[in-house]
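Encoded as structure tokens, the structure appears first; notes follow it.
The values are calculated or read from the model by the stated rules, or taken from the named source; none is laboratory data. Since we're looking at a predicted model, the values are computed, not measured. Glycine also receives a Cβ, built like all others from the backbone with ideal geometry; neighbour counts cover every protein chain displayed.
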Amino acid sequence: MTQTKTAILKVPGASLYYEVTGAGPILLMIPGAPADAGAFAAIAGQLADRYTVVTYDWRGSSRSPLDEPPGDLPDGLPMQVQGDDAGHLLAALADGPAYVLGCSGGALTGLDLAARHPELVGTLVAHEPPAWNLLPDSAGWRAAFHRVHETYRSDGAGPAMQQFIAAAVRAGGPPPADEPGPSSQEQVPPMPDMAQMPPEVADEMARMQVNSQFLFAHLLPTAIGHVPDIAALLAASSRIVVGAGDASAGQMPHLAALALTDRLGITPVGFPGDHQGFATHPGPFADTVHKALRAS
């Protein structure tokens with residue numbers, strides 16, 4: 001059985017927890033919020049016989065604390081800071097350009113990394129980056145996620161997460177402004193009984209609950225207006241693979257992935273499952289990642 005090593009990397013303003021498993025060329029995996037390194041456990045196990053897999057908790061989440069309390073962070077946590085964090089990890093662990101896999105919000109981080117630190121990236125696989133500002137109805141999407149942020153401020157992370165997921169998986173464009181969101185009286189589905197879960201699963205669920213607070217308070221405000229640097233990405237497009245889930249057609253992240261490939265003049269790669277295919281179909285998803293990297 002492949003042993004997993006854990007370590008901490010000090011970066012400006014934070015300490016990044018990361019895990020290393022396997023052998024071979026480095027493959028950095030970047031999770032999207034509210035997930036952390038644990039979300040990639042299954043796919044890391046599938047790829048550890050072919051790559052040295054590095055996963056980490058993004059700054060402010062789980063086991064990667066900030067040096068100082070985040071306070072209000074009125075402008076949110078800039079995407080560039082997240083991209084720099086991924087760059088610091090690669091600079092510390094890789095001898096040259098490395099493979100990168102980013103999923104969901106982690107794909108946006110990967111795109112920022114590839115745009116501003118192309119010398120660190122061999123090939124980037126960006127699976128369904130939710131770049132809603134590339135869509136023709138982007139104003140509607142920005143308004144929808146502004147409403148999610150307001151729901152968080154008024155009713156908390158539970159109702160905000162319901163509204164967030166409902167918008168993300170909605171087919172047919174952004175929800176209209178008059179579409180009712182969860183009210184403060186609406187019952188949030190209860191969490192599964194953590195006492196009945198394996199300890200590692202219970203720990204991951206507890207971390208994600210806390211990470212949701214950081215997501216809505218500090219990451220979403222930045223993501224609402226974020227636009228990938230298409231000009232810089234065009235220069236690196238031969239080393240970028242954009243994935244779209246076979247089961248998520250019509251949903252915003254899938255449509256955004258297609259919009260990105262259209263801007264970059266590349267062909268999207270179909271991945272098994274939906275937006276969470278790396279968790280629901282880890283074996284086939286890992287094989288698709290491996291084929292994409294070998295073809296690059």
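Things to note:
- Test: residue in the stretch 233-241 that is more than 16 Å from the chain's Cα centre (by Cα), basic (Lys, Arg), surrounded by fewer than 16 Cβ atoms within 10 Å (Cβ to Cβ) and in the same structural domain as Leu124 (by TED's automatic domain parsing): no
- Of all residues in the stretch 22-40, those being without any contact (Cβ under 8 Å) to a residue 60 or more places away in the chain and not in a loop (DSSP other than H, G, I, E, B) number 2.
- Residue ID - surrounded by the most Cβ atoms within 10 Å (Cβ to Cβ), chosen from residues in the stretch 111-134 that are over 18 Å from Gln276 (Cβ atoms) and among the acidic types (Asp, Glu): Asp112
- Restricted to the stretch 272-291, and to residues there that are small (Gly, Ala, Ser) and part of a helix (DSSP H, G or I), the residue that is nearest to Val125 (Cα to Cα) is Ala286.
- Test: Ala91 is surrounded by fewer than 22 Cβ atoms within 10 Å (Cβ to Cβ) and either of a type in the set (A, V, I, L, M, F, W, C) or closer than 20 Å to Pro34 by Cβ (or both): yes
- Whichever residue in the stretch 171-218 is outside any helix (DSSP H, G or I) and either more than 23 Å from His149 (Cβ to Cβ) or not assigned by TED's automatic domain parsing to the domain that holds Ala144 (or both) and, among such residues, is modelled with the highest pLDDT: Pro198
- Of all positions in the stretch 55-73, at least one carries a residue that is buried (at least 23 other Cβ atoms within 10 Å of the Cβ) and closer than 17 Å to Pro282 by Cβ.
- Boolean, Gly76 is in a helix (DSSP H, G or I) and surrounded by fewer than 24 Cβ atoms within 10 Å (Cβ to Cβ): no
- Residue match in the stretch 152-164 (condition: of a type outside the set (D, E, K, R), modelled with pLDDT of 95 or more, closer than 30 Å to Asp95 by Cβ and surrounded by fewer than 19 Cβ atoms within 10 Å (Cβ to Cβ)): no
- The sole residue among Ala244, Ala249 that is crowded, with 21+ Cβ neighbours inside 10 Å and outside the structural domain of Phe145 (by TED's automatic domain parsing) is Ala244.
- Looking across Arg294, Arg263, one residue alone is modelled with pLDDT under 95, basic (Lys, Arg) and part of a helix (DSSP H, G or I). It is Arg294.
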